[in-house]
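Below is one structure; the comments refer to it alone.
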């Protein structure tokens, strides 16, 4: 079951790296398996994501979408297979023909290049919105505090939260918290953003604000992998949609094809249920 | 009849007569009676010897004992906290060897009475007259005379520290276990190293959880230190006992000790409340 992406011309603002950079995919997943004991969650996933592309990952719960996303920044350790981001093999290093676990420091450096947004926000509750956004640059990037604070406030302004900078997460709505979480990830200037069902925990009236932020991020040329149940977002924003079922990509292609004219029975069944 | 309403800014209240609470009033009466009887006995029974309490409340030897009690408490808590944090770290380790050893340590030092530990370390010289550092069955590098190394005060501190570290390790372990996984994942996803995650994410979250039981333990420790009387260390309790023995008067001098223990407890309670306020400020409603 191999579904490969023919390398696409890169997204709008991704021209910075030069032609060679753009030819190789930013994310390259090959033969990815993940099992928890006897529970085989991912059963051989291959996926390429080019720079500047937005890939939406859809599928029934338990199909392995989130597990794949968590493998990309090594929150889960794959049972088999390989993941490369910007040419770096994630989580392991090859020495003398054998794979060795990365040191915590090297792993942290790999993760710093990717931003992740969680379903349950996971903001640091003892820090204000601004402090949450500063945290990465100051602690990981060793940035100057004053400069980091200024930049954090700019990013919060960009996600429409200029008036809420001084508030603690408990004082913000779910939609506001999720936008702070996006700002926190963006402050690290990542090459890739991973979204793990970012709107699933939100009241329906708050979903729109978060999706709007993600949409403008996509338009700015950010490479994004989005696990989502928001079909309209996938249809409008994604360059490609991957449909997961039982641990594999069952269908893959532009949203018009996968969502508009699915060829696989299981995709059709799923879409009929969510729409 | 359902009606479309205009928004109103006045807040109406419906008058409701409160439910009667007869048992409350009965409780008040019983407690008031008991208190009155107690106060009457305090005022009429000459054996309390309140004048003696006044004479010895600020006696030099009592104050010196109080300083020793504070020294013992502070040293045992600080050393116990450091040791307890290390043991908790081992207990939470994914290595079964370290986790098992830490569990055994906690079991042992929570189980052995603190009196036994103190007497053991104070009389360590009888068991090991000399202590040395080196390779087992191999060359030894440093020798110590146990009697000079472990003075009674030091023996008491070691015993109190070992006992306290086991309790504090459990407090820290419980607080760390209560940190949501998502917090650690969010920090890891930002690119923090395990050390940065411990300092920047786990520590601020465990503090509000650990402070109340930690102060419970300090308050308890101020009084546990009284066992050092068995090692002839003169703390607050030993000091008043010495005076009581000389005067053949126990009650007023126990009141002297009680006064100071209660004052220490009050001070610690105030510190605890202040700390809790600071550590939970992120949970209060936003400024208008």
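Values in this text are rule-based calculations from the coordinates and carry no lab data. Only a predicted model underlies this, so the values are computations on that prediction, with no experimental measurement involved.
Could you check which residue among B:205, B:35, B:270 shows the biggest mean-square fluctuation in a GNM of chain B with a 10 Å Cα cutoff?
Answer for the Gaussian network model of chain B: B:35.
In whole percent, what relative contact order does chain A give with Cα contacts below 8 Å and a gap of six or more residues?
Over chain A, the number comes to 25 percent.
Given the options A:46, A:196, A:236, state which has the largest fluctuation in a GNM of chain A using a 10 Å cut-off (strictly under) for Cα springs.
Highest fluctuation of the listed residues: A:236.
Rounded if a/c is under 1.5, else prolate if a/b is larger than b/c, else oblate: which is the range A:177-245, with a ≥ b ≥ c the root eigenvalues of its Cα gyration tensor? Don't jump to the answer; show the numbers that get you there.
On the way: a/c = 1.55, a/b = 1.08, b/c = 1.43.
Oblate is the answer for the range A:177-245, as a/c is 1.5 or above yet b/c matches or exceeds a/b.
Taking only C-alpha pairs under 8 Å that are 6+ residues apart, what is the relative contact order of chain B in percent?
24 percent
List, largest first, the extents of the alpha carbons of the protein assembly as shown along their principal axes, each in whole Å.
Result for the protein assembly as shown: principal-axis Cα extents of 99, 90, 48 Å.
How large, in Å, is chain A by the Kirkwood hydrodynamic radius built from its alpha-carbon pairs? Write out the running numbers ahead of the final one.
On the way: mean 1/r = 0.0519 Å⁻¹.
Radius from the Kirkwood sum: 19.3 Å.
Between B:157, B:86, B:118, where does the largest GNM mean-square fluctuation fall for chain B, given springs only between Cα atoms within less than 10 Å?
Sorting by GNM fluctuation, first place goes to B:86.
Using just the helices of the protein assembly as shown, give the 222 nm mean residue ellipticity in deg cm²/dmol: DSSP H runs with n ≥ 4 each add -39,500 (n - 2.57), and the total is spread over all residues, rounded to 500.
-16500 deg cm²/dmol
Quick check: from the Cα gyration tensor, does the range B:49-279 come out rounded (a/c under 1.5), prolate or oblate?
Cα axes put the range B:49-279 in the oblate bin.
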